[in-house]
Amino acid sequence: MGAELDGPPVVPHESPQLVAAMRRALDLAARGPAVDPNPRVGCVLLDRDGRTLGEGFHQGAGTPHAEVAALLDAGCGPAAGPRPSGPVTHAGPRPSGPVTHAGPRPSGPVTHAGPRPSGPVTRAGTPRLPAGATAVVTLEPCNHTGRTGPCAEALLDAEIARVVIAQSDPTPLASGGAERLRTAGVEVVTGVLESEATALNRWFTASARLGRPVVTLKLASTLDGRVAAADGTSQWITGGPARLDVHRQRATAGAIVVGTGTALADDPKLTVRLPAAELAAPAVESDPAPEAGPAPSATPSTDAAPAPDATTAPTPRQPLRVVVGTRELPASARVFDDAAETISLRTHDPAEVLRVLSDRGIHHVWLEGGPTLAAAFLRAGLVDRLVHYLAPALLGAGPSLIGDLGIGSIDGIDRWHLEDVTHLGDDLRLTLVPAAGLTPGIPATPATPGIPATPATPEGA
Ligand SMILES: NC(=O)C1=CN([C@@H]2O[C@H](COP(=O)(O)OP(=O)(O)OC[C@H]3O[C@@H](n4cnc5c(N)ncnc54)[C@H](OP(=O)(O)O)[C@@H]3O)[C@@H](O)[C@H]2O)C=CC1
Ligand SMILES: Nc1c(N[C@@H]2O[C@H](COP(=O)(O)O)[C@@H](O)[C@H]2O)[nH]c(=O)[nH]c1=O
């Protein structure tokens, strides 16, 4: 049988078999926690004839990386045998800090190439993979010792012959694994299903390139741009389907941020609350699918979806709640309940807020207002996307959705490009990005039929 013969891999890297293995690795990766300090990664190990030796995916910060999980599944790797020397522990202990999902084991069919040969061991004293084995992995194997050891070394220890990679690691700290493997004589192929792999870790990738979390500013207003009535009351302006959508979007973020003004005026919970059927489903990092709504030109649907508090419950994994500002909140504030962690940041500096959140491994911030904090982030150039829920209602008075931006004349107008319009019940959801261009690494929102995907152009152009 091929697995026991020496020699290079038989299956060429551009073959449908290897692309199918990469698709499987992507499916495995998607079972990891969507909102985690670490990216989602999957790995499939193949023998030289393309049969599966082992599979794995990363289950969150502090647990074994996908390559090590796959090596262990193949009966190989750091924990499968004694490691006589060397300081590296690949499967380190789980840290007590970030809460992660311990996702279920992949349930799909796995065709293993048969029991691992018991004979040959590697230079590290662990069982080695059959000669000519290939690792198919969705993200470049890391080359650093963080909470766990470098995956490039684990693959070298197992005497891998070839590594096929979808996405290069965008972080300066962990990148370099492909180079390390090549230098050691391993064949390395990159870019197989790269865009799929990048989309899987959309916010992780964009925030690695930005060096800070991606910021989505959420707004909910009347047609005349009011976010509350003259007496300060604001619940509710938008209808049930739009508010449910907010909760789905909150679930894609590592943190929900408001100013003290909103916390004091609204006493919000700032948790993710979803219908029971959705609680079991893994959260996605990309834009959640809206309720199957009609195209913008069609007749608006009725308020079919439940409001978030009617039949919904908090999800097990909650984003961090963040209140920005110097005023004290009462201890009884709902934001301090035990549904999720909350931090108060006594600053007026948006960049400082993002530094703190970046240090906590947060890649995507959902900024819920209010108008003063929203304006501060906009003035600092720290908003990457706007998600605006627009209700067909008028108030005529009350705070408007954005505070003073310091724009004195029409020349200074801050233009945004409309990427998507979606009906949610009677409300509209507008998704916008800066007219000057997308934040690097943020793929465009798919166009909605009827909305031309052309960028905003200067008047008269
Ligand atoms: N419809 C909607 O979607 C929403 C509506 N709202 C409504 O908005 C109103 C609250 O508005 P607002 O008071 O502007 O709320 P904010 O949440 O923006 O809080 C403003 C406060 O945050 C602090 N702060 C933090 N950073 C800065 C900064 N860079 N510059 C100035 N102040 C800063 C200040 O308080 P401190 O003195 O403590 O430092 C400031 O008074 C409420 O009526 C609420 O209902 C709010 C959110 C969403
Ligand atoms: N009034 C208003 C919104 N208000 C936002 O929702 C917060 C309340 O969150 P929670 O307590 O978790 O339900 C509130 O403080 C403010 O940020 N949002 C909307 O989608 N539509 C609305 O009409």
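The values are calculated or read from the model by the stated rules, or taken from the named source; none is laboratory data. Just so it is clear, the structure is predicted and the values come from calculations on it, not from any experiment. Quick reminder, even Gly has a Cβ in these numbers, built from the backbone with ideal geometry, and neighbours come from all protein chains shown. In case anyone asks, the SASA skips ligands and DNA or RNA and just uses the protein heavy atoms, side chains included. Shrake-Rupley method; radii C 1.70, N 1.55, O 1.52, S 1.80 Å.
Within the stretch 228-257, residues that are farther than 25 Å from residue 33 by Cβ and assigned by the TED database to the domain that holds residue 393 reach partners that are within 13 Å of ligand 1 (Cβ to nearest atom) and basic (Lys, Arg) with beta carbons closer than 7 Å, at six or more positions or on different chains, in the pairs 236/243; 242/429.
Can we say residue 394 is out of contact with any helix residue (DSSP H, G or I) (no Cβ under 7 Å at 6 or more places or on another chain), aliphatic (A, V, I, L, M), within 16 Å of ligand 2 (Cβ to nearest atom) and not in a loop (DSSP other than H, G, I, E, B)?
no
Within the stretch 127-153, the set of residues being within 11 Å of residue 66 (Cα to Cα) and not in a loop (DSSP other than H, G, I, E, B) comprises 135, 136, 137, 138, 139, 151.
The residue pairs whose first member lies in the stretch 381-398 and is touching a residue at least 60 places away in the same chain (Cβ under 8 Å), whose second member is in a loop (DSSP other than H, G, I, E, B) and charged (D, E, K, R), and whose beta carbons are closer than 7 Å, counting only pairs six or more residues apart or on different chains, are 392/426; 394/224; 395/224; 396/224.
Residues in the stretch 318-340 that are open to solvent by 40 Å² or more (accessible area, probe 1.4 Å) and outside any loop (DSSP other than H, G, I, E, B): 334, 336. The set of residues in the stretch 348-373 that are within 12 Å of ligand 1 (Cβ to nearest atom) and assigned to a loop (DSSP other than H, G, I, E, B) comprises 348, 349, 368, 369, 370. Kindly indicate the residue of the stretch 408-436 that is under 15 Å from residue 374 (Cβ atoms) and either polar (S, T, N, Q) or away from ligand 1 (no atom under 16 Å from the Cβ) (or both) and also least open to solvent (accessible area, probe 1.4 Å) among those meeting that condition. Among residues in the stretch 408-436 that are under 15 Å from residue 374 (Cβ atoms) and either polar (S, T, N, Q) or away from ligand 1 (no atom under 16 Å from the Cβ) (or both), the one least open to solvent (accessible area, probe 1.4 Å) is 434. Residues that are open to solvent by 40 Å² or more (accessible area, probe 1.4 Å) and within 26 Å of residue 229 (Cα to Cα) within the stretch 378-389 comprise just one, 379.
Scanning the stretch 374-389 for residues that are over 16 Å from residue 355 (Cα atoms) and within 11 Å of ligand 1 (Cβ to nearest atom) gives 374, 375, 378, 379, 387, 388, 389. Candidates are the residues of the stretch 236-251 that are over 15 Å from residue 270 (Cα atoms) and in a helix (DSSP H, G or I); the one that is nearest to ligand 1 (Cβ to nearest atom) is 242.
Of everything in the stretch 351-373 that is open to solvent by 10 Å² or more (accessible area, probe 1.4 Å) and within 18 Å of residue 204 (Cα to Cα), the residue that is farthest from ligand 2 (Cβ to nearest atom) is 359.
Identify, please: which residue in the stretch 252-263 is part of a loop (DSSP other than H, G, I, E, B) and at pLDDT 95 or above and is, among those, nearest to ligand 2 (Cβ to nearest atom)?
Narrowing the stretch 252-263 to residues part of a loop (DSSP other than H, G, I, E, B): 252-254.
Narrowing further to those that are at pLDDT 95 or above: 253-254.
On the way: 253: 13, 254: 17 Å.
The selected residue is 253.
Residues in the stretch 264-278 that are on the phi > 0 side of the Ramachandran plot and either in a strand (DSSP E or B) or open to solvent by 30 Å² or more (accessible area, probe 1.4 Å) (or both): 267 only.
Of the residues 223, 219, which single one is within 8 Å of ligand 1 (Cβ to nearest atom), surrounded by fewer than 22 Cβ atoms within 10 Å (Cβ to Cβ) and farther than 24 Å from residue 330 by Cβ?
219
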